[in-house]
Amino acid sequence: MATEYAQFPAANNERMRAHAVIFQRINAALANYGIVSGMDPSRLSSSAIGVASGVYRDGSATEHAFEGAQITSIPAASEGKHRYDLIVFDCTDTTLKRIAGDEDIPSVETDFLENLDPKPPSLPNLKCILICILWIDETGIKSDNHHTYCVAGVADLRAKVPAAHTQNKDQYLDYGGANQVSAEGAKDAVSKKHEQNKDQYLDYGGANQVSATQAKAAYDGLNKDQYLDYGGANQVSAASAKDAVSKKHTQDTDQYLDYGGSNQISAAQVKKFYKHELNFNLSGGGAVISTGLQGGIQVPFACTIKKVRLLSVDGTSGSITVEVWKGTYSSPPTSGGSIGSWSISSNTKSETTGLSISLASEDVLYFNVSSVTSLKLVLMVLEAEI
């Protein structure tokens, strides 16, 4: 039986770019170049990938055994860049190969196959079976998981082909699955299938024998009970009860307040106003940013800082330490009101999470650079929740 590989993408919040190789792997499978079972890919280290043994087809109904193999000495990407490499099994010479992609600055640092850049390469020919795509940065093959399709930097993209049918040997439906049925069992069920106007009893000859006539009479009587508490203070018709059930609240599916009314608002709109970002640019005006006080902002609402990000806007790598002072309009910030300092160290960005720093409405924040090297323009983002 063919292996059931994971659906890809598997959830509504997962997405991917329509890279050419995704369609090429499907075309290859349709031409019967694909995996029947096994050949699972896995990360062995930051520079090595392994593919387990399995069975594949090479364009015909003939199935071939694969003993398993490894590819080592996979190079890392340049600093600040990503690269997406293909691991393929080439049926023209029955070898496992790495097809290197072009490295580039990723569209989104934390995204993988949904990025527009870098792009994975194409299959060298449609007699190649795509095993997986590797997610590579300056550390080598990443150890991160991403959504459900990527485990330890490896996106499993094996395309299965069904096992060939062999007459008189395929004795099961859904073999090994929850719905396994043998050929013998299916034939028995067919021989006992229902025939209209002939099946007149339930439990015929048993203690619970009921005729079709008796069952229909009971059913007809059931349809006459159309009310709860008939004639009483709490009388409710079947139609009213059904309408209420159809409109009952279901968790995670009620997405609007005042739906269809003048005050309609969606859950997404409400959530949008729950999180806010307080942004400040640190600029050297084309030169390296100077140390000292750089400016300030006034907080428009009471909130709690949860995350701080620093990003070199022009991509220059360097170091900087920024201290944030808190005060008010009547009592401006000083170094004594510091709420913390955050740094980039020989890099282009940094992120600090797990914070809980309270700010009041109309608090004033000053941004003071205590040290800096090389960086000319840095964006500081304070992510806050109301």
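The values are calculated or read from the model by the stated rules, or taken from the named source; none is laboratory data. The structure presented is a predicted model; accordingly, all values stated were derived computationally and were not measured. With ideal geometry, Cβ positions are generated from the backbone for all residues, glycine too; neighbour counts draw on all protein chains shown.
For Pro120, the criteria (1) modelled with pLDDT under 90; (2) touching an Asp or Glu at 6+ places or on another chain (Cβ under 9 Å); (3) surrounded by 21 or more Cβ atoms within 10 Å (Cβ to Cβ) hold in every case but one, which is (1).
Just one of the listed residues (Arg25, Arg57) is over 25 Å from the mean Cα position of the chain (by Cα) and assigned by TED's automatic domain parsing to the domain that holds Asp104, and it is Arg57. Please tell me if Ser290 is assigned to a strand (DSSP E or B) and out of contact with any helix residue (DSSP H, G or I) (no Cβ under 9 Å at 6 or more places or on another chain). Spelling it out, it is not the case that Ser290 is assigned to a strand (DSSP E or B) and out of contact with any helix residue (DSSP H, G or I) (no Cβ under 9 Å at 6 or more places or on another chain).
Number of residues in segment 351-369 that are part of a strand (DSSP E or B), touching a Ser or Thr at 6+ places or on another chain (Cβ under 7 Å) and among the charged types (D, E, K, R): the value is 0. Here Asp254 meets the list (1) within 28 Å of the chain's Cα centre (by Cα); (2) surrounded by 13 or more Cβ atoms within 10 Å (Cβ to Cβ) almost entirely, failing just condition (2).
Exactly one condition in (1) part of a strand (DSSP E or B); (2) over 30 Å from Val270 (Cα atoms) is false for Leu379; which is it? With respect to (1) part of a strand (DSSP E or B); (2) over 30 Å from Val270 (Cα atoms), Leu379 is out only on (2). Going by the conditions given, is Arg43 in contact with a Gly (Cβ under 7 Å, 6 or more places away or on another chain), basic (Lys, Arg) and modelled with pLDDT of 95 or more? Yes.
Considered as a group, the residues in segment 289-332 that are farther than 16 Å from Phe367 by Cα and β-branched (Val, Ile, Thr) include one that is surrounded by the most Cβ atoms within 10 Å (Cβ to Cβ), and that residue is Val313. Can you run down the residue pairs with Cβ atoms below 8 Å, 6 or more apart or on separate chains, where the first is in segment 235-251 and at positive phi and the partner is exposed (fewer than 10 other Cβ atoms within 10 Å of the Cβ) and at pLDDT below 80? From residues that are at positive phi, there are no pairs.
Within segment 314-350, the set of residues being under 39 Å from the mean Cα position of the chain (by Cα), under 21 Å from Ala384 (Cβ atoms) and part of a loop (DSSP other than H, G, I, E, B) is empty. What tally of residues in segment 81-110 results from selecting those that are within 20 Å of the chain's Cα centre (by Cα) and hydroxyl-bearing (Ser, Thr, Tyr)? Of the residues in that region, 3 qualify.
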